[in-house]
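Visitor: One structure, pasted below without further comment.
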Amino acid sequence: MVKRIVILGSTGSIGKKTLRVIDALNSSLVARPVRSKSSTSNGTRGPSLEKEKTKYEIVALTAHSSVELLAEQARRYKPKFVAITNADYFEQLSSAVGDLDVEILSGPDSLIEIAQLDQVDIVLTAIVGAAGLPAVLAAAQAGRQLAIANKEPLVIAGELLTKAVRENGGTILPVDSEHSAIFQAMQAGSREEVSKIILTASGGPFRKATVEDMRNVTLEEALSHPVWDMGPKITIDSATMVNKALEVIEAHWLFDMPVERIEVLIHPESIVHSLVEFVDGSVIAQLGEPDMCLPIQYALTYPRRVAGLSKHLRLEEIGKLTFERPNLKTFRALPLGFEVVRTGGTAPVVFNAANEAAVQEFLAGKIKFVSIVELVEDCLNKHNVKTSVSLEELLEADAWARREVRTKVHKSIRA
Ligand code: NAD
Ligand code: MG
């Protein structure tokens with residue numbers, strides 16, 4: 001058996017790990033028992049010892065501007081298509097892969113074409129930010145099986161996206177570790193039997209800090225996550241806890257769960273990836289080493305499990321797993337996240353876009369760490385929420401929030 005994979009954002013942290021997982025899966029050519037066509041002695045069909053081999057084939061890879069890495073990946077994985085969304089790099093990519101039998105696309109719209117390619121089994125979305133929305137929506141409209149790491153499109157257009165998936169016969173498999181954990185734990189009961197979802201959070205590098213301590217945080221400190229090694233935007237989001245707020249919204253849409261039944265618990269060891277509580281009081285959790293290879297692999301091999309790259313847990317070595325309530329005063333992003341889901345409409349769009357713009361300014365050294373969430377809150381306070389929104393209105397709100405943040409930052413720099 002062959003599974004054909006498209007990776008949107010193959011040069012990022014998740015994209016590169018996905019290719020490592022695929023290498024490992026292909027090198028062991030994972031075997032599984034299949035149902036035999038021949039009948040058993042009593043005339044019924046039974047499982048046989050026959051094995052089926054799954055090969056993971058890369059159909060398309062995309063990047064925004066990392067031409068060299070994309071070219072290297074193209075040489076190694078021989079996809080039929082590569083796309084570079086920043087069209088300025090088209091010539092450079094063309095000359096780098098000119099000798100390969102690969103179609104080269106460029107510009108933001110190339111992602112839509114890639115997302116809707118025929119004869120694709122899984123579209124894995126690993127682009128960062130709202131930039132991934134058009135492609136993921138296109139894949140949903142084409143009824144594709146989506147493996148979603150890129151959470152921002154779900155945050156801003158959860159309703160549109162989940163509706164497109166339902167109406168076109170597609171599916172969503174979560175790649176985010178918490179959501180993969182919930183997805184796995186959910187299998188212990190029926191949807192109606194779930195009483196709540198508990199998302200765990202490492203707490204990031206400033207778990208014990210006060211608002212005062214955070215005033216002088218440097219870029220370097222904010223970029224040093226104690227547990228996870230990720231791309232820069234999500235690393236900053238983890239330090240502000242905006243990431244957890246985005247994940248609450250992501251869980252709300254992925255699992256059709258009212259926000260009142262979603263909780264966040266700080267768990268610094270990052271071993272329990274999330275938990276589901278059922279109506280009888282049973283709590284089912286998924287545990288594992290903090291390693292994205294595991295949830296990526298599960299999304300690729302689902303519904304099967306196979307041996308993979310992730311180190312197995314030795315709980316006796318870890319010894320202690322601790323949990324604490326999040327500090328909602330220091331980490332304002334968290335209550336804001338809950339609030340924007342309750343408000344709905346354009347509120348989550350503005351929350352996300354203002355954050356993306358503010359994180360960009362912080363990464364460029366233009367604002368302080370604490371200003372990120374201040375700018376987000378400020379933007380939300382100014383925004384006139386529209387409750388029922390089309391894609392166009394949603395994109396307008398997104399552009400408005402980004403402009404607001406940029407204007408405010410540039411004014412304060414000039415002042
Ligand atoms: P990253 O910055 O390392 O990689 C981003 C990828 O997206 C790159 O391939 C880049 O070329 C591409 N890209 C960037 N801007 C783009 C644009 N404007 N248009 C098209 N493509 C663009 O990011 P990451 O850490 O791999 O995160 C990717 C997504 O996965 C994010 O939404 C993040 O929240 C989510 N996620 C990441 C992790 C992790 O461990 N890194 C874990 C859970 C969820
Ligand atoms: Mg996560």
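The values are calculated or read from the model by the stated rules, or taken from the named source; none is laboratory data. What you are looking at is a predicted structure, and each value in this text was computed from that prediction instead of being measured. Glycine gets a Cβ as well: all are built from the backbone with ideal geometry, and neighbour counts include every protein chain shown. Quick note on the areas: whole protein, heavy atoms, side chains included, nothing else; ligands and nucleic acids left out. Shrake-Rupley method; radii C 1.70, N 1.55, O 1.52, S 1.80 Å.
Visitor: Run down the aspartates and glutamates and flag those whose C-alpha is under 20 Å from the C-alpha of K366, throwing out any fewer than 8 positions away in its chain.
Guide: Candidates past the 8-residue exclusion: E212, D213, E220, E221, D237, E356, E374, E377, D378, E404.
Visitor: Can you give me the long-range amide H partners of I172? Hydrogens built in the peptide plane at 1.01 Å from N, cutoff under 5 Å, separation of 5 or more residues or another chain.
Guide: Here the answer is L146, since their amide H atoms fall under 5 Å of that of I172.
Visitor: Amide H of S106 versus every other amide H placed in the peptide plane: which residues, excluding those fewer than 5 positions away on the same chain, fall under 5 Å?
Guide: I84
Visitor: Let me ask another. Could you give the radius of gyration (one decimal) and Dmax (whole number) of the Cα atoms in region 234-383, in Å?
Guide: 17.5, 51
Visitor: Then there's this: Would you mind telling me the share, in percent, of accessible area of region 46-126 contributed by carbon and sulfur at probe 1.4 angstrom?
Guide: Values: 2030 of 4290 Å².
Accessible surface attributable to carbon and sulfur in region 46-126 totals 47 percent.
Visitor: Per the Debye formula with a single identical scatterer at each Cα and no solvent contribution, what log10 I(q)/I(0) holds for region 200-307 at q = 0.18 Å⁻¹?
Guide: -1.05
Visitor: Okay, next question. Report the Rg/Rh value for region 100-175, based on alpha-carbon coordinates and the Kirkwood definition of Rh. Before the final figure, lay out each step's value.
Guide: Working: Rg = 11.9 Å, Rh = 12.4 Å.
Result for region 100-175 is an Rg/Rh of 0.96.
Visitor: So if I take the centroid of the Cα atoms in region 310-355 and the same for region 247-305, what is the distance between those two points in Å?
Guide: One Cα centre to the other: 12 Å.
Visitor: Taking θ as phi - 60°, what are the ³J(HN,Hα) couplings along region 195-200 by the Karplus curve (6.51, -1.76, 1.60), each to the nearest whole Hz, with x for Gly and Pro?
Guide: Running phi through 6.51 cos²θ - 1.76 cosθ + 1.60 with θ = phi - 60° gives 9, 7, 10, 10, 8, 8 Hz.
Visitor: Which value at 222 nm does the chain reach when only helices count, each DSSP H run of 4 or more adding -39,500 (n - 2.57), with the total divided by all residues and rounded to the nearest 500 deg cm²/dmol? Write out the running numbers ahead of the final one.
Guide: Numbers: 17 runs with 185 residues, N = 415.
Computed mean residue ellipticity for the chain: -13500 deg cm²/dmol.
Visitor: Given a 1.4 Å probe and heavy atoms of the protein chains only, how would you sort D109, D213, D23, D101, largest accessible area at the top?
Guide: Working: D109 115, D213 90, D23 45, D101 150 Å².
Result, largest first: D101, D109, D213, D23.
Visitor: So, with a 1.4 angstrom probe, what is the percent of accessible area on region 163-314 that is carbon and sulfur? Kindly include the intermediate steps, with their values, before the conclusion.
Guide: Values: 3290 of 6380 Å².
Reported share for carbon and sulfur atoms: 52 percent.
Visitor: Right, something else. Sorted by accessible area with a 1.4 angstrom probe, largest first, how do I413, I271 fall? List each step's numbers first, then the result.
Guide: Details: I413 85, I271 5 Å².
Output order, biggest surface exposure first: I413, I271.
Visitor: So if I restrict to the alpha-carbon atoms in region 336-382, what is the Rg, and what is Dmax, the biggest pairwise distance, in Å?
Guide: 10.7, 33
Visitor: Rounded to the nearest whole Å², what accessible area per residue is found for region 271-415 with the 1.4 Å probe? Walk me through the intermediate numbers first.
Guide: On the way: 7530 Å² over 145 residues.
I get 52 Å² per residue for region 271-415.
Visitor: Could you pull out every residue, at least 5 positions away or on a different chain, whose amide H is within less than 5 Å of the one on E269? Hs are placed 1.01 Å off N in the peptide plane, and Pro or chain starts have none.
Guide: Amide H neighbours of E269: T322.
Visitor: ³J(HN,Hα) across region 328-339 via Karplus (A = 6.51, B = -1.76, C = 1.60, θ = phi - 60°), whole Hz, x for Gly/Pro?
Guide: Values per residue, Gly and Pro as x: 6, 7, 6, 9, 4, 4, 5, x, 4, x, 4, 5 Hz.
Visitor: Same structure again: A 31 angstrom limit on the alpha carbon distance is what I want to check against. Which of K17/K320; K208/K311; K16/K53; K3/K151; K320/K368 exceed it?
Guide: Numbers: K17/K320 28 Å; K208/K311 29 Å; K16/K53 24 Å; K3/K151 23 Å; K320/K368 35 Å.
Correct reply: K320/K368.
Visitor: Dipole size in debye (nearest 20) for region 271-336 around its Cα centre, Lys and Arg Cβ +1, Asp and Glu Cβ -1?
Guide: It works out to roughly 200 debye.
Visitor: At 1.4 Å probe size, with every protein chain present, just tell me what the per residue accessible area of region 119-270 comes to in Å². The partial results should precede the final answer.
Guide: Numbers: 5400 Å² over 152 residues.
I get 36 Å² per residue for region 119-270.
Visitor: Let me ask you something else. What distance in nm lies between label points placed 7 Å from Cα along the C-beta direction at E192 and R314?
Guide: Simple spin-label model gives 4.6 nm for this pair.
Visitor: Let me ask something else. Extent of the chain along each principal axis, from alpha carbon coordinates, in Å, largest to smallest?
Guide: 82, 59, 44
Visitor: Considering the alpha-carbon set of region 56-183 alone, what are its Rg and its Dmax in angstrom?
Guide: When restricted to the Cα atoms of region 56-183, Rg and Dmax are 14.7, 45 Å.
Visitor: Separate question: Which value in Å is the Kirkwood Rh of region 137-235 over different Cα pairs? Walk me through the intermediate numbers first.
Guide: Details: mean 1/r = 0.0613 Å⁻¹.
Final number for the Kirkwood radius of region 137-235 is 16.3 Å.
Visitor: About the Cα centre, and with charges only on the beta carbon of Lys, Arg (+1) and Asp, Glu (-1), how big is the dipole of region 205-278? Nearest 20 debye, please. Working shown, then result.
Guide: On the way: 6 positive and 13 negative charges, 26 e Å.
Here the size comes out at about 120 debye.
Visitor: Using a 1.4 Å probe and ignoring any ligands, DNA or RNA, find the accessible area of K382 and quote it in Å² to the nearest 10.
Guide: In the full protein context, K382 sits at about 110 Å².
Visitor: Could you give the semi-axes, largest first, of the ellipsoid that matches region 308-351, computed as the square roots of 5 times the alpha carbon gyration tensor eigenvalues and rounded to whole Å? Each step should come with its number before you reach the end.
Guide: Working: eigenvalues 251, 58, 11 Å².
Semi-axis lengths for region 308-351 are 35, 17, 7 Å.
Visitor: Once Lys and Arg get +1 and Asp and Glu get -1 on their Cβ, which of T11, T343, G189 lies farthest toward the positive end of the dipole of the chain?
Guide: Highest projection toward the positive end goes to G189.
Visitor: Right, another one. Run the quick spin-label model on R261 and E374: label points 7 Å from Cα toward the beta carbon, then report their separation in nm to one decimal.
Guide: With each label placed 7 Å out from Cα toward Cβ, I get 4.0 nm.
Visitor: With only Lys, Arg, Asp and Glu charged, each at its Cβ (+1 for the first two, -1 for the last two), find how big the charge dipole of the chain is about the Cα centre; round to the nearest 20 debye. Kindly include the intermediate steps, with their values, before the conclusion.
Guide: Details: 47 positive and 52 negative charges, 133 e Å.
Dipole of the chain, to the nearest 20 debye: 640 debye.
Visitor: Label points 7 Å out from Cα along the Cβ direction at R325 and S412: separation in nm?
Guide: 3.0
Visitor: Follow-up question, since we're still on this one. Have a look at H225, H179, A285 and report the one farthest towards the positive end of the charge dipole of region 146-297, computed about the Cα centre with Cβ charges (Lys/Arg +1, Asp/Glu -1).
Guide: H179
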